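Worksheet: one structure, shown below.
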Number of protein chains: 2
Amino acid sequence: MVQQSPAFLLLLAAICVSAAHPKTARFGMVRRLVTSENEAVLPAEFVTYYYTQPLDHFNYKPESYSTFQQRYIMNTKFWGGANTSSPIFVYTGDESNLIPLIRFAGFIVDLATRFNGLLLYIEHRYYGDSMPFGSEAEAFRNSSTLGFFSSTQALADYAQLITDLKRNLSAENCPVIAIGGSYGGMLASWFRLKYPHVAFGAFASSAPILYFDDITPQNAYHVIVSKDFRDTSESCYDTIKQSWFEIDRVAAEPDGLLKLGQIFTTCMPLNSSQELRDSLEINYVIAAQYDNPPDNLVSNICSAIDGAPLGTDILGRVAAGFNASVGAPSCHYVHEFRLSNLSGWDWQTCTEMVMPIGYGANETMFQASPFDLGNFTKSCQDLFGVTPRPHWITTEFGGHDIKSVLENFSSNIIFSNGLRDPYSAGGVLQNISSSVVAVYTEKGAHCLDLQTPSPSDPDWLVSQRDTEIEIILGWMAEYNATLASKIV
Amino acid sequence: MVQQSPAFLLLLAAICVSAAHPKTARFGMVRRLVTSENEAVLPAEFVTYYYTQPLDHFNYKPESYSTFQQRYIMNTKFWGGANTSSPIFVYTGDESNLIPLIRFAGFIVDLATRFNGLLLYIEHRYYGDSMPFGSEAEAFRNSSTLGFFSSTQALADYAQLITDLKRNLSAENCPVIAIGGSYGGMLASWFRLKYPHVAFGAFASSAPILYFDDITPQNAYHVIVSKDFRDTSESCYDTIKQSWFEIDRVAAEPDGLLKLGQIFTTCMPLNSSQELRDSLEINYVIAAQYDNPPDNLVSNICSAIDGAPLGTDILGRVAAGFNASVGAPSCHYVHEFRLSNLSGWDWQTCTEMVMPIGYGANETMFQASPFDLGNFTKSCQDLFGVTPRPHWITTEFGGHDIKSVLENFSSNIIFSNGLRDPYSAGGVLQNISSSVVAVYTEKGAHCLDLQTPSPSDPDWLVSQRDTEIEIILGWMAEYNATLASKIV
């Protein structure tokens, strides 16, 4: 079994974070840690291109006609060619530079091999190398330059690029299957729903499309985090649950922050206990969200907590868990997590991707922290000068009563989830119809199925991917039958 | 049989013109003629409200958060109430002031009576009393103020208004059926396709959703106009066909324009023969498009042409037809038809609603006039400072290969047409699936089924409407069954 390095884990966390806790965007910093890895070199068969996109698809002001260069990457190595009906697998880029996404989501290459597919990865506007206004600095200057940064614009980008590309390749007969994970999975499923004439099917991994408005209980995310820990070890769960009180108690003592800094070996003196609590919380949250084999992040933490020498107190145990989870560095940099005006995802949560994730008292292993739209709105106004539209996603894409709405409407969508993923609480976990289906595993976490398959993968993961392949085989059979009937 | 006055015919033409010939927007002037009738009083049960809409749904610039007041009109007289599953019939307003639309489309009131429906008419942004920037003058100032005027913004307006209204009425269980004619019919069908979570079904009358890009032959519109005349009278058709050459011949003579002015009793001396030809052409086009009983506009023209005294020459006959069609005024005001920067519809054709209607030589009873995107683009740039996006509608809404795309996707759409309507060439005339269906008549023309039913309606029209009612009954049965299964 290959043991991944902690650096890899951070990278992984960065790649497939769809949707940060909106109160503090806890994943933002993690994402920035991996910037230097973003531009890693891909194998030569992945070729980079740029497409000229209009700045605004839905508006006809002069400014809307400005353009930017959108990066996309193709791999034609496995493709059957334009004169066949071989599929085009379109990776609907999400809140990240495209390169690490490609490295991460190796299952798509498997699919291309199996289906003689063309691989087309499209970078989401305002990420990576797809910056309007010429540079990230200009694009992120203020809400006037960021204003064009939205999911609907991104979907229209994909529609326009794919339509043009298929025409240029004379590949009109090649069906498009949209694939994405997390936020990219939402985009993939919404793309099928909004652009069925462009995407014939969608494979949405760990896409919490129901974590908007009042559809999913606000506490559900952290309930699953807590359950992941509790299922792993009741005593570990209890220790963490009690630790917050202990942190507060020590922090209130004279020199309490100094003492906490020593217990948790922070690199700098603590300015507040919030810094420590935020750092611990994101550590648990990431562990749960990516609690996938072979890393078993929750087990690692709990082993350290439970395995501390007899007589170790609660904070000592929690500190041991913290050390174990990040590879026992000589000291820890801890920060209070806040929205950042350099984070594209934070802009998105401050405008439309308002996931009301919070939690009341006694429901989780965390301290109570209800989602507060008023506070959140104020933070967004202060930071970006923008006011969130918390009902927009359900107005534009639906979500309420999804089974009734879609059971006789739509087809060819896979919603895959791992139930250890806290975001699975907002995922589609029930078949909507015979061809809009939920494929989930009890043991997997966030976006596991999209990862490059490995010989060490457990049977349940192999089986999940086999199911997904079977479903896509069915779509292709349907597509080819329709195509044949048209030719006859 | 009630004989309608010519003024009514002009009004009717203004109400249900979806889609002008893009070369010259020939219906623009007709529309402006009826301005004074727009604000006619409706019965008291039609109550006017205003909804505060954001200027731009897809953009988060500060300016996008500006709002305007969108007019909507409700009639609750027939409604079963919020605690039932009585439907909400939403009239998706099109390129007109809302009031004459309501007066025109009386079949919807019939539907409301029959289904205990709530009637909700929503005015399209930038028409009637739903002007951004406070006034028509401000809204139409330039391409920066007009930029927010698009079909996608209009659909999002409808989604947001309906969602809010249903919540305010506690009418979440009442299914929405979108209804519209012509451009409004396109909007109704697109609304069902894009917002299935808001609209449970759509009834799209005379909606030429396939008259975009290269889907429908460019000449098809005028081929049907010509066929309508030829089917009515071969000699009438021949006379019209020969008249253009005669007009050109006379115009080339010394004092030719003066002579033409006398033959056609124009109120002012002609500046060019184009003025005359345009006026005649729109006259024929309107006659064909609204060649509905009891008016039989094509017959009226052809009777006059064919019935002119023996020995009347071609131009004399055509002039007699012209006189007959507009109620024999003492003289005719004729104009060359051009795009107008006061016309909302002309803005729409100059941005996204680019219907490439044209025609080559010898295909129609008209002189050859191919659609010329270059010229059209230049006109739009000169007039509005805007460049058309001719592929946008098919990118955003599809249209190519519609049967394959939608047969296993979507449900509950009626596409109704009358085959005498030239726009039926771009309509859906084939069932796409068991619940996305085409309902058409050989004899009807544009939007006839939406008109207020009358005892004098021919059997085929009664039968068309009965079919439409049957289909909606089926939708309601499906809806109620699903609702019942949820309650159980």
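What follows is calculated from the coordinates using simple rules that are stated; it is not laboratory data. All figures in this text were calculated on a predicted structure; none of them were measured in a lab. As a convention, Cβ positions derive from the backbone with ideal geometry for all residues, glycine included, and neighbour counts pool all protein chains shown.
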Notebook entry, point to check: Near the amide H of A:V436, under 5 Å away, which other amide H atoms are found, from residues 5 or more places off or on another chain, if H is placed in the peptide plane?
Noted result: A:N412, A:I413
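If you scale each eigenvalue of the Cα gyration tensor by 5 and take the root, what three semi-axes come out for segment B:219-390, rounded to whole angstrom and sorted largest first?
Numbers: eigenvalues 160, 76, 47 Å².
Taking √(5λ) for each eigenvalue gives 28, 20, 15 Å, largest first.
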Note to self: Using Cβ counts within 10 Å as a stand-in for footprinting exposure, how do A:W460, A:W475, A:W347 rank, fewest first?
What the structure shows: A:W460, A:W475, A:W347
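With +1 on the Cβ of every Lys and Arg and -1 on the Cβ of every Asp and Glu, and nothing else charged, how large is the dipole of chain A about its Cα centre, in debye rounded to the nearest 20? The partial results should precede the final answer.
Values: 30 positive and 50 negative charges, 155 e Å.
Dipole about the Cα centre, nearest 20: 740 debye.
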Notebook entry, point to check: Rounded to whole Å and sorted largest first, what semi-axes of the equivalent ellipsoid does the C-alpha gyration tensor of chain A yield via the square root of 5 times each eigenvalue?
Noted result: 39, 25, 21
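Over the protein assembly as shown, what is the percentage of antiparallel beta bridges among all DSSP beta bridges, to the nearest 5? Don't skip to the answer; put the middle values down first.
Details: 26 of 78 bridges.
Taking every DSSP beta bridge within the protein assembly as shown, about 35 percent pair in antiparallel fashion.
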Margin query: Can you find, among B:G185, B:S64, B:S226, the residue sitting farthest towards the positive end of the charge dipole of chain B, where Lys and Arg contribute +1 and Asp and Glu -1 at Cβ?
Written below: B:S64
Checklist line | A:Y91 long-range amide H proximity, modeled H, under 5 Å | finding: A:L120, A:Y121, A:I122, A:I179
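As a test of the formula, what do you get for chain A when each DSSP H run with n ≥ 4 contributes -39,500 (n - 2.57) and the sum is divided by the residue count, at 222 nm and rounded to the nearest 500 deg cm²/dmol? Intermediate results must be reported in sequence, preceding the final value.
Details: 19 runs with 208 residues, N = 488.
Here the helix-only value at 222 nm equals -13000 deg cm²/dmol.
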Checklist line | lysines whose Cα lies under 28 Å from that of A:K259, excluding same-chain neighbours fewer than 8 positions away | finding: A:K23, A:K241
Check: Roughly how many whole Å is it from the C-alpha centroid of segment B:431-488 to that of segment A:120-169?
Finding: 42
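Once fully extended, how much extra length lies between A:L342 and A:D110, figured as 0.36 nm per residue of separation less the alpha-carbon to alpha-carbon distance?
Numbers: separation 232, 0.36 × 232 = 83.52 nm, distance 3.48 nm.
Here the answer is 80.0 nm.
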Next item on the list: Express in whole angstrom the spacing between the alpha-carbon centres of segment A:228-261 and segment B:315-347.
Entry: 84
Margin query: Can you say what percent of the DSSP beta bridges in chain A, counting only those with both residues inside, are antiparallel? Round to 5.
Written below: 35
Item checked: A:T312 paired with A:T67, simple spin-label distance in nm, labels 7 Å along Cα-to-beta-carbon -> 6.0
Margin query: Which aspartates and glutamates, if any, have their Cα less than 14 Å from the Cα of B:K227, not counting same-chain residues under 8 positions apart?
Written below: B:D238, B:D291, B:E363, B:D421, B:E442
Checklist line | Along principal axes, Cα extents of the protein assembly as shown, largest first, whole Å | finding: 119, 61, 48
Note to self: For B:K77, give me every one of the lysines with a C-alpha distance below 23 angstrom, ignoring sequence neighbours fewer than eight places off in its own chain.
What the structure shows: B:K166
Check: When chain B is turned about an axis onto chain A, which of its residues keeps its C-beta closest to that axis, and how many Å is it?
Finding: B:F58, 2
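What is the Å³ per residue value for the convex hull set by the Cα atoms of segment A:103-262?
Values: hull volume 36.1 nm³, N = 160.
With only Cα atoms used, segment A:103-262 gives 226 Å³ per residue.
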Notebook entry, point to check: Given H placed 1.01 Å from N in the peptide plane, which residues other than close sequence neighbours of A:N417 have an amide H under 5 Å from its amide H?
Noted result: A:S206, A:V439, A:Y440, A:T441
Next item on the list: List A:I301, A:I282, B:I469 from most exposed to least, where exposure is judged by having the fewest other Cβ atoms within 10 Å.
Entry: B:I469, A:I282, A:I301
Next item on the list: Mind listing the label-point distances from A:S66 to the same position on all other copies, shortest first, one decimal in nm, points 7 Å along Cα→Cβ?
Entry: 1.8
Check: Each label point is 7 Å from the Cα along the Cα-to-Cβ direction; what then is the distance between the points at A:N375 and A:L473, in nm?
Finding: 5.2
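So if we plug the beta-carbon distance of A:L429 and B:L42 into 1/(1 + (r/R0)^6) with R0 = 60 Å, what FRET efficiency do we get, rounded to 0.05?
Efficiency for this residue pair is about 0.80.
With a cut-off of 8 Å between alpha carbons and a minimum separation of six or more residues, what is the relative contact order of chain B in percent? Let's see the in-between values first.
Values: 919 pairs, mean separation 89.8, N = 488.
Reported as a whole number, the value is 18 percent.
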Next item on the list: Treat the count of other C-beta atoms within 10 Å as a stand-in for reagent exposure and order A:V298, A:V439, A:V326 from fewest to most.
Entry: A:V326, A:V439, A:V298
Item checked: GluC sites (Glu not before Pro) lying in DSSP loop within segment A:436-488, provided at most 13 other Cβ fall within 10 Å -> A:E442
